[in-house]
Amino acid sequence: MLKIKLKGIEEEIIYEKLSNGLDVYLYSKEGITNNYVTFTTKFGSIYNEFVPINEKKMIKVPNGVAHFLEHKVFVQETDPQPEEFFAKSGALCNAYTTFKNTTYLFSGPDNLKENILFLLDYVQTPYFTKENVDSEKGIITQEIHMCDDNPIDVLYEHIRKNTLHNNPFKNSIIGTTKDINKMDEKILYTCYNTFYHPENMFLVVTGNFNPQEILNSITENQLKK
């Protein structure tokens with residue numbers, strides 16, 4: 001384990017790169033009563049042109065695919081679903097997509113180890129079918145319309161489109177309804193297999209816990225992945 005000293009504030013972060021490439025950051029402090037954990041892939045809305053893993057040719061995927069993928073990773077093939085699992089220990093879970101990253105998270109006071117392992121397992125167990133991808137299109141289309149009804153969101157979108165021309169940051173993170181209708185399970189699996197590899201991801205654990213014990217659990221879990 002590498003200890004990263006934060007100068008001037010007398011704090012340290014424990015860092016470990018696991019054998020599968022996953023970066024793990026642990027920050028533990030006495031007196032903290034709540035745990036907050038994030039599991040992030042460096043895949044956001046701007047990365048829509050890339051060479052898929054194990055291939056040689058560049059491809060272009062629809063805008064909004066990172067956000068669409070976030071929705072589908074959050075839904076599991078079998079129960080319990082993430083919301084149900086985390087609620088049992090009084091924890092809250094969520095996910096969000098930015099221009100450069102997609103993050104899955106939870107926060108809660110208890111069952112830290114069990115919650116971390118569930119977080120790792122559900123994010124690393126994708127399940128995409130034509131049926132569940134098609135069913136998500138209507139949900140995300142509603143989300144797009146909600147943004148269109150928010151003046152601040154509309155202003156932000158127009159500012160980016162009018163100031164950025166040859167730059168992927170000009171496009172909406174969520175995409176357009178036309179983009180959403182192009183999504184299918186093949187596109188999602190291509191993006192998932194390329195960007196959701198542990199070498200392109202990092203885990204951050206904050207709270208009041210035994211760093212070595214938590215790191216051991218994470219390491220054992222990731223040996224299978």
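The values are calculated or read from the model by the stated rules, or taken from the named source; none is laboratory data. Only a predicted model underlies this, so the values are computations on that prediction, with no experimental measurement involved. Glycine also receives a Cβ, built like all others from the backbone with ideal geometry; neighbour counts cover every protein chain displayed. Accessible surface areas use protein heavy atoms only, side chains included; no ligands, DNA or RNA. Shrake-Rupley method; radii C 1.70, N 1.55, O 1.52, S 1.80 Å.
Annotations for the structure displayed:
- Matching residues in region 185-210 - criterion: being part of a loop (DSSP other than H, G, I, E, B) and either modelled with pLDDT under 95 or within 19 Å of the chain's Cα centre (by Cα) (or both): Tyr196, His197
- Candidate set: region 90-108, residues that are outside any strand (DSSP E or B) and open to solvent by 20 Å² or more (accessible area, probe 1.4 Å); chosen: the one farthest from Val65 (Cα to Cα): Gly90
- When we screen Glu131, Glu84, Glu136, Glu77 for residues that are surrounded by 14 or more Cβ atoms within 10 Å (Cβ to Cβ) and among the charged types (D, E, K, R), the only hit is Glu136.
- Matching residues in region 183-208 - criterion: being among the aliphatic types (A, V, I, L, M), open to solvent by 30 Å² or more (accessible area, probe 1.4 Å) and within 25 Å of Ile14 (Cα to Cα): Val204
- Answer from His67, His71 - the residue that is open to solvent by 20 Å² or more (accessible area, probe 1.4 Å), within 23 Å of Glu185 (Cβ to Cβ) and part of a helix (DSSP H, G or I): His71
- Condition check for Asp121: on the phi < 0 side of the Ramachandran plot, assigned to a helix (DSSP H, G or I) and surrounded by fewer than 18 Cβ atoms within 10 Å (Cβ to Cβ): yes
- Subset of region 168-182 that is open to solvent by 60 Å² or more (accessible area, probe 1.4 Å) and touching a helix residue (DSSP H, G or I) at 6+ places or on another chain (Cβ under 8 Å) - its residue that is nearest to Leu22 (Cα to Cα): Phe169
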